[in-house]
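*Asks:* A single structure is presented below for examination.
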Amino acid sequence: MGQHQLSDHTTLRLGGPAPLWLSHTHDADWPDLARTAAAHAARPFTLGGGSNTLAPDQGTTRPVIHMATRGIHTRRRHDGQVEVTVAAGHPLDELVAHTVAEGLSGIEYLGGIPGTAGAAPVQNAGAYGQEIGDRLVAVTAHDWTTGRTTRIPASKCGFGYRTSRFKQQPGRWTILSLTLHLTPSTAAAPVTYQHLATALRAPLGSRPPLAEAAAAVIHDRAKRGLLLPETGHDHRQAGSCFLNPTVTDDQARTLGGQGAPVYRTSVQAWRASAGWLLEACGYGPGTEVTRGVHCSTRRTLTLTAQADATASGFRASLQAMAANVHTATGIILHPEPAAV
């Protein structure tokens with residue numbers, strides 16, 4: 001416990017004090033920590049790597065649980081699959097690297113996504129055709145409504161495009177660990193994205209060697225400005241700031257006629273490119289949106305915080321960009337960063 005500044009624990013480097021700070025580092029300590037958090041009127045906010053978090057300038061009176069547990073355990077199943085259980089505080093990119101090194105396929109295309117493993121099911125993190133929900137067996141999570149820790153099977157997690165029951169019910173759950181089923185293989189999953197095929201110099205549908213595919217993902221993400229830089233003009237950021245929106249058939253036809261990328265989802269809905277919509281409204285790499293808040297020099301869809309940025313200014317930037325897209329197209333953009 002003790003006072004911490006949220007700005008020291010978020011990749012945007014924004015946010016005021018968190019007087020009720022609870023760091024969770026060992027599984028055995030969870031019951032005591034949960035009792036301490038539950039004694040307060042407000043539900044706690046669970047903070048992992050802080051890479052998708054917009055913390056308020058004034059700080060928060062909610063207890064903040066800093067999820068810092070680590071550890072990966074594997075178990076071979078009778079059907080040849082391997083179950084991998086990972087602590088919620090373990091960095092996701094380290095988990096991906098570990099599974100690739102162990103010759104396990106299933107999440108090799110999720111390398112380079114910032115944040116912790118425990119945050120991945122909340123967003124149903126995905127890239128290059130893979131989503132964490134596709135390989136999830138179950139999560140162990142604490143339910144602040146009942147005060148109990150429970151195992152939730154993947155079928156009850158409500159996974160969709162960058163969403164889950166955990167995202168739809170913010171504050172109710174704290175994920176403590178997750179178990180994945182992965183496949184022993186020397187080959188990666190089939191390549192379904194042209195960006196990745198180009199990086200690999202391999203045709204769509206091919207199955208490149210596992211380690212080679214994982215390395216190509218990191219290379220492609222770096223090339224397209226999709227990695228969190230450690231230094232430089234763009235290093236204070238939270239990654240992509242808007243989800244690709246669902247659009248109607250008519251909107252999809254109109255956008256397609258304008259050269260916009262639109263695609264069908266697995267549930268037969270249309271989605272459009274949030275980045276393209278923002279650029280059609282005059283935003284571009286390096287654009288200053290409000291004081292201290294700029295589009296990344298690499299890509300429009302990522303907002304960065306400069307020296308004079310505030311959380312309120314960052315939030316105003318998100319609102320202004322979404323409002324301009326809605327006025328121009330009637331399409332609603334939903335911001336990605338989670339508010340404390």
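*Asks:* I need a count of the residues in region 85-107 that are within 19 Å of L47 (Cβ to Cβ) and assigned to a strand (DSSP E or B). Even if it seems obvious, please write down each step before you answer.
*Replies:* As a first pass, look at region 85-107 and keep what is within 19 Å of L47 (Cβ to Cβ): 86-95.
Add one more test, that the residue is assigned to a strand (DSSP E or B), and what stays is 86-87, 91.
The total comes to 3.
*Asks:* Looking at region 220-261 only, could you name the residues that are open to solvent by less than 40 Å² (accessible area, probe 1.4 Å) and of a type in the set (A, V, I, L, M, F, W, C)?
*Replies:* L226, A238, C241, F242, L243, V247, A252, L255, A260, listed by residue number.
*Asks:* Quick one: which of A339, A323 is at pLDDT below 95 and open to solvent by 40 Å² or more (accessible area, probe 1.4 Å)?
*Replies:* Only one candidate qualifies: A339.
*Asks:* How many residues are among the charged types (D, E, K, R) and in a helix (DSSP H, G or I) if we restrict to region 214-234? Give the derivation first.
*Replies:* If we filter region 214-234 for residues that are among the charged types (D, E, K, R), which is where we start, we get 220-221, 223-224, 230, 234.
Still in the list and also in a helix (DSSP H, G or I): 220-221, 223.
Total satisfying the criteria: 3.
Condition check ((1) open to solvent by 10 Å² or more (accessible area, probe 1.4 Å); (2) assigned to a loop (DSSP other than H, G, I, E, B); (3) in contact with a strand residue (DSSP E or B) (Cβ under 7 Å, 6 or more places away or on another chain); (4) without any contact (Cβ under 8 Å) to a residue 12 or more places away in the chain) across all residues:
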{"site": "R62", "(1), (2), (3), (4)": "yes, yes, yes, no"}
{"site": "R75", "(1), (2), (3), (4)": "yes, no, yes, yes"}
{"site": "E83", "(1), (2), (3), (4)": "yes, no, yes, no"}
{"site": "Y109", "(1), (2), (3), (4)": "no, no, yes, no"}
{"site": "P121", "(1), (2), (3), (4)": "no, no, yes, no"}
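*Asks:* Could you list, in sequence order, all residues of region 24-48 that are more than 17 Å from T150 (Cα to Cα), of a type outside the set (D, E, K, R), surrounded by fewer than 21 Cβ atoms within 10 Å (Cβ to Cβ) and under 25 Å from the mean Cα position of the chain (by Cα)?
*Replies:* T25, H26, A42 - these are the residues of region 24-48 that are more than 17 Å from T150 (Cα to Cα), of a type outside the set (D, E, K, R), surrounded by fewer than 21 Cβ atoms within 10 Å (Cβ to Cβ) and under 25 Å from the mean Cα position of the chain (by Cα).
*Asks:* Would you say A307 is surrounded by 14 or more Cβ atoms within 10 Å (Cβ to Cβ), more than 21 Å from the chain's Cα centre (by Cα) and not in a strand (DSSP E or B)?
*Replies:* No; evaluated as a whole, the condition is false for this residue.
*Asks:* Does S296 satisfy the criteria of being in contact with an Asp or Glu (Cβ under 9 Å, 6 or more places away or on another chain), within 24 Å of G16 (Cβ to Cβ) and among the polar types (S, T, N, Q)?
*Replies:* Details: in contact with an Asp or Glu (Cβ under 9 Å, 6 or more places away or on another chain): yes; within 24 Å of G16 (Cβ to Cβ): no; among the polar types (S, T, N, Q): yes.
When the stated conditions are applied, S296 does not pass them.
*Asks:* Residue under question is L318, and the condition is that it be closer than 22 Å to S164 by Cα and under 18 Å from the mean Cα position of the chain (by Cα); does it hold?
*Replies:* No.
*Asks:* Can you list the strands (runs of 3 or more DSSP E) lying wholly within region 130-192 that have 1 or more residues being surrounded by 14 or more Cβ atoms within 10 Å (Cβ to Cβ) and at pLDDT below 95?
*Replies:* Output list is empty.
*Asks:* Tell me, which strands (runs of 3 or more DSSP E) wholly within region 235-298 include 2 or more residues that are farther than 23 Å from A338 by Cα?
*Replies:* Where strands (runs of 3 or more DSSP E) fall fully within region 235-298 and carry at least 2 residues being farther than 23 Å from A338 by Cα, they are 262-264.
*Asks:* Separate question: Which one is modelled with the lowest pLDDT, of the residues in region 193-213 that are in a loop (DSSP other than H, G, I, E, B) and under 22 Å from I132 (Cβ atoms)?
*Replies:* Only one residue fits best here, namely Y193.
*Asks:* Follow-up. Restricting to region 85-107, count the residues that are open to solvent by 10 Å² or more (accessible area, probe 1.4 Å) and among the β-branched types (V, I, T).
*Replies:* The total comes to 2.
The values are calculated or read from the model by the stated rules, or taken from the named source; none is laboratory data. All values derive from a computational prediction rather than experimental measurement. Cβ sites come from the backbone with ideal geometry, for glycine too, and all protein chains shown count toward neighbours. Heavy atoms of the whole protein, side chains included, go into the accessibility calculation; ligands, DNA and RNA do not. Shrake-Rupley method; radii C 1.70, N 1.55, O 1.52, S 1.80 Å.
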